[in-house]
Amino acid sequence: MTLSLTNTAKTYADGTRALRSTNLDVAQGEIISLLGPSGCGKSTLLRIIAGLETPDEGAKLLFNGEDFTQIPVEKRKVGMVFQSYALFPNMSVRGNIGYGLKMQKLSKTEINTRVDEVIELCRLEPYATRSITALSGGQRQRVALARAFAPRPRLLLLDEPLSALDAALRGQLRDELAQLLRSFGITAIFVTHDQDEAMAIADRVAVMSHGEITQIGTPEALYRAPKSEFVARFIGAAMPLGRHIQADTMYFETSTLKLPAPAAGKTAFVRAEDVRLDDNSPLRAKVMSVTFLGTHYRIALEGLAPDPVFALHSALSAPKVGDTVGVAIDPAAILMLPAEKKAA
Ligand code: ADP
């Protein structure tokens, strides 16, 4: 199903402007993630699409080109998966998945066919007759997904479905969820505050801030061409670089760096993965801290910007705190972004 939102905003009864006028077009089978810090309006937008929240006057919501702005939640045929799975603990996996279908008064045969279908799709065969209390967090999450999918919704809405799980399991389920959603072939909208999760699961990520979508694009596009400091920091943790900049040259104590473009009105940013330690480089910095992270060291460097600049260093050993090291930064990796207005 395609989804199109125009001029969709939400002001709550107490005057909170949770969502500013928003436009969003989602293609058939596309998986969109709404990504942003807590309170930026992600859930509000999702709840408006679900029909759980009424948007401000002037909004228009199209499902497959048809106006659904006034259609109530139970008639929208959307499936929903929340952080708390809200499964019935004493009911079996089959019972949980079939519950909504029973409510729809489908025939027993039809219910059985559909339950079998999603149980297979979600690889829940071994647990079909178990009670929910006898399942792991990851298995419960699959049941919640199967239950949402069983009524054959046109659109699947997921609100932080992985955030109740521990870190190791989240990583594993993230990839599994991405695969499952694609095998469903369903249009899906997925709310998360976790950058890795958004990038791993979504075809396109809508980065939200203060009630607005500030940028929407493929994970690659957002990472390589962020349009603002906010997006650059949120996607891939870009850091400000440089102390003294004149035209297209950044001046450091012992060397200079040519920027990809003149800096007028812009701030330079770089990501830790693009900062390399290189003994032969004339650019020098002082090591402030060294953290070993298994695949690499994360090294904080002083002298490259007012704040520490981090470098990811993949090697068998690392310099010591207090050492002066050579640093190489490929000018092509520097992001030149509009200087952000600081809030007064
Ligand atoms: P997110 O999902 O990104 O964390 P929300 O959409 O839940 O953000 O909330 C956006 C803003 O709206 C927040 O400032 C939140 O406090 C506020 N908000 C959410 N629900 C209500 C409500 N029912 N009444 C008033 N304010 C609300």
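The values are calculated or read from the model by the stated rules, or taken from the named source; none is laboratory data. From a predicted model like this one, the values you see are computed outputs, not experimental measurements. Glycine gets a Cβ as well: all are built from the backbone with ideal geometry, and neighbour counts include every protein chain shown. Heads up: the accessible areas ignore ligands, DNA and RNA and are worked out on the full protein's heavy atoms, side chains in. Shrake-Rupley method; radii C 1.70, N 1.55, O 1.52, S 1.80 Å.
Site pair residue 281 and residue 253 shows an inter-label distance of 1.6 nm when each label is modelled 7 Å from Cα along Cα→Cβ. If you run the Gaussian network model on the chain, springs between alpha carbon atoms under 10 Å, then out of 37, 331, 161 the most flexible one is 331. Taking 0.890 mPa s as the viscosity and 25 °C as the temperature, the Stokes-Einstein diffusion coefficient of segment 14-147 based on its alpha-carbon Kirkwood radius rounds to 142 µm²/s. Accessible surface ranking for 289, 38, 1.4 angstrom probe, highest first: 38, 289.
Dipole orientation for segment 239-338: of the candidates 290, 240, 277, 240 has the Cα lying most toward the positive pole (charges on Cβ; Lys, Arg +1; Asp, Glu -1).
Taking the chain as a Gaussian network, where each spring joins two C-alpha atoms under 10 Å apart, which residue of 96, 64, 280 fluctuates the most? Result for the chain, Cα springs under 10 Å: 280 fluctuates most. When its C-alpha radius of gyration is set against 2.2 N^0.38 Å (N residues), segment 239-338 gives a value of 1.04. Put 182, 147, 114 in order of accessible area, highest first, and with a 1.4 Å probe you get 182, 147, 114. In a Gaussian network model over the chain where Cα atoms closer than 10 Å are linked, find which of 130, 174, 94 has the largest mean-square fluctuation. Most flexible of the set in this elastic network: 130.
For the chain, the convex hull spanned by the alpha carbon atoms encloses 171 Å³ per residue. Rounded to 0.05, the FRET efficiency of the residue 12 and residue 218 pair, given R0 = 25 Å and the Cβ-Cβ distance, is 0.20.
How high is the FRET efficiency from residue 56 to residue 117, r the C-beta distance, R0 41 Å, rounded to 0.05? Each step should come with its number before you reach the end.
Details: r = 40 Å, r/R0 = 0.97.
The value I calculate is 0.55.
Summary of the geometry: segment 37-87 and segment 221-277, compared by the centres of their Cα atoms, lie 38 Å apart. Residues whose amide H falls under 5 Å from that of residue 218, counting only those 5 or more places apart or on a different chain, are 205, with hydrogens built in the peptide plane. Here the gap between residue 73 and residue 196, fully extended at 0.36 nm per residue and compared with their Cα-Cα distance, gives a gain of 41.2 nm. Average 1/r across all pairs of distinct alpha carbons in segment 229-276, invert it, and you get the Kirkwood radius: 11.5 Å. Between residue 38 and residue 86, the distance separating the two model label sites (each 7 Å from Cα on the Cα→Cβ line) works out to 2.1 nm. Using the Cβ of residue 118 as centre and a radius below 12 Å, the other residues enclosed give a net charge of +2, where K and R count +1 and D and E count -1. Placing +1 on the Cβ of every Lys and Arg and -1 on the Cβ of every Asp and Glu, with no other charges, gives the chain a dipole of roughly 760 debye about its Cα centre. Distant-in-sequence amide contacts of residue 191, defined by a placed amide H-H separation under 5 Å and a gap of 5 or more residues or a different chain, comprise 34, 158, 159, 160.
Amide H contacts of residue 68 (H built 1.01 Å from N, in plane; Pro and chain starts excluded): 61, 62, 63 sit under 5 Å, all sequence-distant by 5 or more or on other chains.
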